[in-house]
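Below is one structure; the comments refer to it alone.
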Amino acid sequence: MTEYLTDWWHANSAQCEFRNATFASCYQQMHGYEQEQCDKTGPSMCNYPPDFSKYTVHQAYTLYTIFAIWQWFESIYEAIGNADLSANGRVGKIVKAINPEVHSKQSLGNFLQALSALTPVISAPATLIEQFGKFVGKAITETAMRQSPGVIKQLNPTGTLDSEFVQINDLYDGLATVKETYQQNISAALSLVQENFTTFSLFAADGAFIAPRASLEANTQNLTNSLETYIISQCLTANNMIVTLSRDTNPYELVHNGSLTTSDLVSCDYYDQYGVCSAWWYDPDTNSAYALASLTNPETNYYDLMETMFSEGWTTGKDLFLGANACADHVARNGGKDNGPALDTNTMAPRCVSNVQVCVFDKNCEGMDADCEFTGEYGWDGCHPQPEYMKDECPGSYAEESVALPAAYLGSLDTTESQTIQVCEM
């Protein structure tokens, strides 16, 4: 196909220039489709060729690919247009549920980046996924993006909306601008692919788009879930909250295997359908427990908030917690910089859509050391010991030393054997 298209373009590019037509439009015109506008987004701008019987295999393949590429971009364009980002919709409910205390300004550019980072992976054709699995569909669109870096630049131009800000509590007021700009970027990327022969031949190589249309509902859900995870991340940060991480820790086993030295310090009877048990979300693949913790109200157990977020489908434990951990790893590798949402052009995967500060419990703390709660591997800016850490005693304690621990605590004192120290939950 590449050789056929190259030969066709060399033979007909002068004729296309005479017609004042770019590649896709010219190819369609010269094969009997004068009215199609497959280089622009919009309903019914580009229609499926009704009859391929009069064409050679190469001609039919090219005509269908032009339509399929338009369909791919159009499905994303419609998906974000279909998303409800209003105050009365899911975004408004998220802001209300988390209720950020700090009325911080947020750059609309970051929310646009959070949307753009998902574009290469959201829109695999539905029937292709059913037949071969989601990873094959993902690989197809990733391949198209890798082969045509100019498309990525159109989808995600640097600096867009960076100078526009919105108060976190009124976030939905600015998201209409984000939607409009994102759709403009989708349209620009489509035009680049269809109008420029070189970009088209790279983007469409290897039969990437010879498959039925992706599900509009699935695309809308994937786009909005990504954006909602980022919104949750920003609201949590504005609420002075962090993600705590306890490695090599299974809260359920800690309670039931006899290693917990104070029986009622950790409560975990079972993991529910979302992987939540009391204050923690557990990842069995890494044997790690994550939690939400407040730097101002460390006694708060955020079980109810996690249940609301997960049951409403705003985010998942993997997207929120593992995403934040992956972002923290990335930032650590880059000297504490670059924690904004982005498309990683090396892995073609979204990065830092969840970017809440992660603090890792230090399992090597000894005794009553009020300065030792977290490690510093992800920086100390948000990982100093919580303000009330080890400042309150357990009610009615007769021990020489007693300390009330934060609700999400899973550190060394959980398993410390001592006759002189009593620990309890705040």
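The values are calculated or read from the model by the stated rules, or taken from the named source; none is laboratory data. All values derive from a computational prediction rather than experimental measurement. All Cβ positions, glycine included, derive from the backbone under ideal geometry; neighbour counts span all protein chains shown. Calculation scope for accessible area: heavy atoms of the full protein, side chains included, ligands and nucleic acids excluded. Shrake-Rupley method; radii C 1.70, N 1.55, O 1.52, S 1.80 Å.
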message: Give the lysines whose C-alpha is closer than 22 Å to that of residue 179, dropping any in the same chain fewer than 8 places away, or say none.
response: 40, 93, 96, 105, 153
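Given N residues in the stretch 177-304, what is its alpha carbon radius of gyration divided by 2.2 N^0.38 Å? Display every interim value, and only then the final one.
Details: Rg = 22.8 Å, N = 128, 2.2 N^0.38 = 13.9 Å.
That works out to 1.64 for the stretch 177-304.
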- request: Leaving out ligands and nucleic acids, note down the accessible area per residue over the stretch 246-300 with a 1.4 angstrom probe, in whole Å².
  value: 47 Å²
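Under a Cβ-Cβ cut-off of 10 Å, what is the net charge of the residues other than residue 117 that fall near it, where Lys and Arg count +1 and Asp and Glu count -1? Walk me through the numbers on the way to the answer.
On the way: positive: 351; negative: 344.
Around residue 117, the charge tally is 0.
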query: In whole Å, what are the Cα extents of the stretch 1-63 along the three principal axes, biggest one first?
result: 32, 28, 18
- prompt: Any idea how far apart residue 64 and residue 84 come out in nm if each label point goes 7 Å out from Cα toward Cβ?
  reply: 3.8 nm
Eligible lysines near residue 391 by straight Cα distance, threshold 26 Å, same-chain separation 8 or greater: 363
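Sort 184-191, 365-372 by the packing proxy (mean of other Cβ within 10 Å over each peptide's residues), most packed first. Can you show the working numbers first?
On the way: 184-191: 20.6, 365-372: 13.8.
Descending packing order for the listed peptides: 184-191, 365-372.
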task: Choose one of 353, 305, 331: the residue whose Cα lies farthest towards the positive end of the charge dipole of the stretch 297-357 (beta-carbon charges +1 Lys, Arg; -1 Asp, Glu; about the Cα centre).
output: 331
